Amino acid sequence: MATVMQKIKDIEDEMARTQKNKATAHHLGLLKAKLAKLRRELLTPSSKGGGGAGEGFDVTKSGDSRVGLVGFPSVGKSTLLNKLTGTFSEVASYEFTTLTCIPGVITYRGAKIQLLDLPGIIEGAKDGKGRGRQVISTARTCNCILIVLDAIKPITHKRLIEKELEGFGIRLNKEPPNLTFRRKDKGGINLTSTVTNTNLDLDTVKAICSEYRIHNADISLKYDATADDLIDVIEGSRVYMPCIYAVNKIDQITLEELEILDKLPHYCPVSAHLEWNLDGLLEKIWEYLDLTRVYTKPKGMNPDYEDPVILSSKRRTVEDFCNRIHKDMVKQFKYALVWGSSAKHKPQRVGKEHELEDEDVVQIIKKV
């Protein structure tokens, strides 16, 4: 492990020394590719050592969605967690191992949201310090990240945490790069673009590909992509997730400072101690999780508005709805009746591929 860590440090030092200009773009692209490969080694070490990737936090996923809370020590994270779980739900007790803390599951708008305290995110976590590897491995399983910041501490803490998460392939509030990368058997590296490129040229692309031992590929850019974007696509293991910055202890700053914070994107000011704006924070978590609630309607009965089926906004077809209830339901599926905003008339008879909207009501008709 020490040798990989040393290699990472050497490359980071060299990148810091290298001036960024057109002449060095090729060299920097190569260094970034080497760095990405080494970081991947840290996250999934070879199994020869006997330990490695398996020793992480054993956290049972429960609820409809998972939110990971990340922050430096003493930013009021524990207070925020206790107030949220204490105020908005019963605190659930869980069996957990090592350093993991799960304060509870919040029931909000019919959905059960699991809150995970991810301890020990410190500078250098991405390099394996402070059990950082296991922490960040768990963070990758979340649906949303909540970074807790202290309003009276430097805002640079935000960038430090982002750097740790990005170092392990977690991309916050970003969309996957809009470029296509296709390997082929022969013909060399072929680069095409529909826009003017200021970051990538053919030499840089070839250097990055050669680091991954890729000598034949078609790459098509649909925007001004960077070397980091190309590396992300080649690596293929990046996780793109929404992130909210909860700025805690706003009771200790001036109104002018609060107004400045209010202009920053993805921010939510709170005071955990005084319970200020916890409703606003939950509202924002709900918005960023982008969940879809679907109510079931048994034949001849009223819809069950107490216990909705929760779907991800990316997977909300009638087939996804059936799979959430029971994996065998699709086999017996004949058609569905839908009431709500996704239906053109009420009820609308639909097939498995119909996309549902929030608060639709669905009745499944099975084959006889």
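The values are calculated or read from the model by the stated rules, or taken from the named source; none is laboratory data. Predicted, not measured: the structure shown is a model, and the values here were computed from it. Glycine gets a Cβ as well: all are built from the backbone with ideal geometry, and neighbour counts include every protein chain shown. Areas reflect the complete protein model, heavy atoms only, side chains present, ligands, DNA and RNA absent. Shrake-Rupley method; radii C 1.70, N 1.55, O 1.52, S 1.80 Å.
Which length gain, in nm to one decimal place, applies between residue 213 and residue 180 when the Cα-Cα distance is subtracted from 0.36 nm times their residue separation? Walk me through the numbers before you get to the answer.
Values: separation 33, 0.36 × 33 = 11.88 nm, distance 1.81 nm.
So the extension gain works out to 10.1 nm.
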Size of the stretch 233-368 along its principal axes in angstrom, Cα-based, largest extent first? 67, 46, 26
Proximal lysines to residue 297, defined as alpha-carbon separation beneath 18 angstrom and excluding residues fewer than eight positions away on the same chain: 334, 346, 352, 366, 367
Between residue 353 and residue 163, what is the spin-label point distance in nm, taking each point 7 Å from the Cα along the Cα→C-beta axis? 4.8 nm
With the contact rule set at Cα under 8 Å and sequence spacing of 6 or more, what percent relative contact order holds for the stretch 292-366? 39 percent
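Report the trypsin sites (Lys or Arg not before Pro) located in the stretch 209-292 that are in a DSSP loop and have at most 14 other Cβ atoms inside 10 Å of their Cβ, or state none.
Details: sites: 213, 222, 238, 249, 263, 284; in loops: 213, 222, 238, 249, 263.
Answer by residue number: 213, 222, 263.
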On full extension of the chain, what length is gained from residue 252 through residue 194, given 0.36 nm per residue of separation minus the C-alpha to C-alpha distance? 15.8 nm
What are the extents of the Cα atoms of the stretch 292-366 along their three principal axes, in Å, largest first? 28, 25, 25
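What accessible area per residue, rounded to a whole number of Å², is obtained for the chain using a probe radius of 1.4 Å?
Numbers: 19390 Å² over 368 residues.
Per residue, the chain has an accessible area of 53 Å².
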On C-alpha positions alone, give me the angle between the axis of helix 77-88 and the longest principal axis of the chain, in degrees, nearest 10. 10 degrees
Please compute the length gained on full extension between residue 153 and residue 201, using 0.36 nm multiplied by the number of residues separating them and subtracting their Cα-Cα distance. 13.2 nm
Suppose each label sits 7 Å from its Cα in the direction of the beta carbon; what would the residue 141-residue 12 distance come out to in nanometres? 2.6 nm
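What 222 nm value per residue comes from the helices of the chain, counting each DSSP H run with n ≥ 4 as -39,500 (n - 2.57) and dividing by all residues, nearest 500 deg cm²/dmol?
Details: 11 runs with 118 residues, N = 368.
Result for the chain, helices only: -9500 deg cm²/dmol.
Only loop residues by DSSP count here, and only those with at most 12 other Cβ atoms within 10 Å; note down the trypsin sites (Lys or Arg not before Pro) in the stretch 292-340 that meet that. Before the final figure, lay out each step's value.
Details: sites: 293, 299, 314, 315, 316, 324, 327, 331, 334; in loops: 299, 314, 316, 327.
Taking the stretch 292-340 and a limit of 12 other Cβ atoms within 10 Å, the loop trypsin sites (Lys or Arg not before Pro) found are 299, 314, 327.
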Once 286, 276 are ranked on solvent-accessible area with the largest value leading and a 1.4 Å probe, the list reads 276, 286
Restricting things to alpha carbons, tell me how big the chain is in terms of Rg and Dmax, in Å. 23.8, 73
Distance between the stretch 322-345 and the stretch 175-233 - C-alpha centres, whole angstrom: 41 Å
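Which longest uninterrupted range of the chain lacks any GluC sites (Glu not before Pro) assigned by DSSP to a loop state (not H, G, I, E or B) and surrounded by at most 15 other Cβ atoms within 10 Å?
Result for the longest clean stretch: 124-274.
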Under a crude label model (7 Å from the Cα following the beta-carbon direction), how far is residue 62 from residue 37 in nanometres? 4.4 nm
